[in-house]
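All remarks here apply to the structure that follows.
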Amino acid sequence: MTGDSSAESIFLHDAALERLPIPEREKRMDRKLQHLIKYACENAPGFKARLDRAGVKPGDIKTAVDLQKIPVLRKDDLIQLQKENPPFGGYLAVPLSEVDHVYQSPGPIYDPQRKIRSLPGGPDMGKGQIVMNAWSYHITPAGILVDNMLRGMGFTVFPAGIGNTELQIQVMHDLKVSGFVGTPSFLATLIKKAEETGYDFKKDFNLKFAIVTGEMGGEPLRKMFTEKYGIFCMGGDNYATADVGNISASCEKNAGMHVNTDCIVEIIDPVTGKVLPPGEVGEVVVTPFDEVYPLVRFGTGDLSMLVTDPCECGRTTPRLPKIMGRSGEAVRVRGMFVHPRQSDEVLGRFEEVAAYQLIVDRVENRDDMLLQVELSKEPGDKKAWEAALKKDFQGVCKVRFDRIEYVKPGMIDKTGKKIVDKRVY
Ligand SMILES: [Zn+2]
């Protein structure tokens with residue numbers, strides 16, 4: 001869909017910048033950052049007040065490393081700021097007349113639309129083709145952002161939104177829709193429904209390509225669309241939030257999500273706030289180069305890490321392998337974060353486990369982790385079973401639990417926390 005025929009993600013852009021040697025890109029990014037900080041200080045009083053409180057002058061921020069001088073802006077801070085100074089908490093840095101759309105994200109937080117990013121492919125790429133946009137057009141930004149992007153590429157858009165499966169199948173059929181944009185699971189639902197209705201999807205429909213994103217782990221479905229239905233799939237996993245927009249997207253090599261070149265991503269220790277080196281898990285903090293809504297150092301609350309090894313695709317930008325959970329739910333044990341999503345993954349592999357809870361405590365100046373388990377049935381070879389559980393747990397969570405305690409059925413509150421932190425700080 002781009003100039004060449006590779007399955008390049010349309011969410012990746014600024015092709016030249018992405019492939020520059022790292023020092024050269026960082027130099028350019030630092031110049032963008034200096035400009036952003038100066039602009040935001042002059043135009044967003046909320047940001048200026050934050051710098052003043054931290055005793056930081058705009059000239060103090062010369063490189064991405066200097067960002068650490070500015071305290072992280074949390075979602076809760078933004079909710080509070082917007083309450084005190086509605087509607088945008090002093091963070092809107094252009095006149096309202098220059099903002100086309102406003103969105104609401106949970107909090108509530110009101111987000112003015114940022115500028116539309118430039119795209120590869122050129123304006124004639126989609127001429128004469130109808131694309132179905134199955135992102136929501138209500139309240140959240142996805143639908144309209146994708147709509148603008150597609151029209152910018154020359155496509156004609158059918159704004160389908162979400163739901164209404166039968167109607168969408170009819171439209172896809174009648175209009176000879178050639179492209180679909182939405183989640184992989186929704187496209188799978190549409191195809192299944194069409195087949196149940198009696199259609200031969202490959203023969204009766206004109207679907208040639210799909211931009212299926214927005215869900216982690218959509219790869220098996222993308223493979224199925226391509227192999228079984230001949231649908232060219234663009235875009236791997238991508239990561240965006242309503243507040244800061246697109247952050248990262250996977251490349252054609254599927255080796256993690258490359259960070260966009262129009263934002264800076266830092267990974268910080270959620271407890272101390274210190275920036276962590278590549279390879280260590282912490283909270284994703286984003287500084288988008290956005291003059292409309294300059295949320296400098298926005299704490300997403302999501303956990304991930306940066307990978308800086310060279311990628312086979314030739315891009316030199318750092319990657320986020322995946323989002324590993326929310327920082328508020330993760331508990332740090334002997335230096336490693338353990339997230340309930342990780343422990344769920346491990347315990348879910350053992351069918352004999354009816355319920356579990358991890359209890360973290362401090363015993364003789366050492367973090368102690370107890371695994372409480374309720375069994376639905378006794379494992380055949382309990383010793384081997386425990387050894388397998390221990391091995392898998394360490395493999396996924398990168399830290400060992402100290403012992404297992406078997407408790408009577410009903411002792412563990414299944415709606416309660418999976419990881420209980422009893423340490424006193
Ligand atoms: Zn890559």
Subject >> Scan of the range 15-56 for residues that are aliphatic (A, V, I, L, M), in a helix (DSSP H, G or I) and more than 23 Å from Y91 (Cβ to Cβ), ordered by number >> reply: A15, A16, L17, I22
**OP:** May I ask you to say which residue of T287, T308, T300 is in contact (Cβ under 8 Å) with a residue 24 or more places away in the chain, in the same structural domain as Y239 (by TED's automatic domain parsing), within 16 Å of the ligand (Cβ to nearest atom) and of a type in the set (V, I, T)?
**Re:** T308
Subject >> So R332, is it within 16 Å of the ligand (Cβ to nearest atom) and crowded, with 16+ Cβ neighbours inside 10 Å >> reply: no
Original post:
Would the range 407-418 turn up any residue that is at pLDDT 95 or above, of a type outside the set (G, A, S) and at negative phi?
Top reply: yes
Original post:
Which of the residues belonging to the range 322-361 are at pLDDT 90 or above and under 30 Å from L20 (Cα atoms)?
Top reply: none
Original post:
Out of (1) more than 16 Å from the ligand (Cβ to nearest atom); (2) buried (at least 18 other Cβ atoms within 10 Å of the Cβ); (3) charged (D, E, K, R), what's the single condition that is false for R315?
Top reply: (1)
Original post:
Can you name the condition, by its number, that I264 falls short on among (1) more than 14 Å from the chain's Cα centre (by Cα); (2) surrounded by fewer than 21 Cβ atoms within 10 Å (Cβ to Cβ); (3) away from the ligand (no atom under 16 Å from the Cβ)?
Top reply: (2)
Subject >> Residue among D237, D269 that is more than 16 Å from the ligand (Cβ to nearest atom) and either modelled with pLDDT of 85 or more or out of contact with any Leu (no Cβ under 9 Å at 6 or more places or on another chain) (or both) >> reply: D269
**OP:** Confirm whether Q82 is over 22 Å from P270 (Cα atoms) and surrounded by 15 or more Cβ atoms within 10 Å (Cβ to Cβ).
**Re:** yes
**OP:** Take the residues in the range 240-261 that are over 14 Å from the mean Cα position of the chain (by Cα) and touching a residue at least 60 places away in the same chain (Cβ under 8 Å), then tell me which one is farthest from the ligand (Cβ to nearest atom).
**Re:** T261
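The values are calculated or read from the model by the stated rules, or taken from the named source; none is laboratory data. Note that the coordinates shown come from a computational prediction; the quantities given were computed from them, not determined experimentally. Every residue, glycine among them, receives a Cβ derived from its backbone with ideal geometry; neighbour counts consider all protein chains shown.
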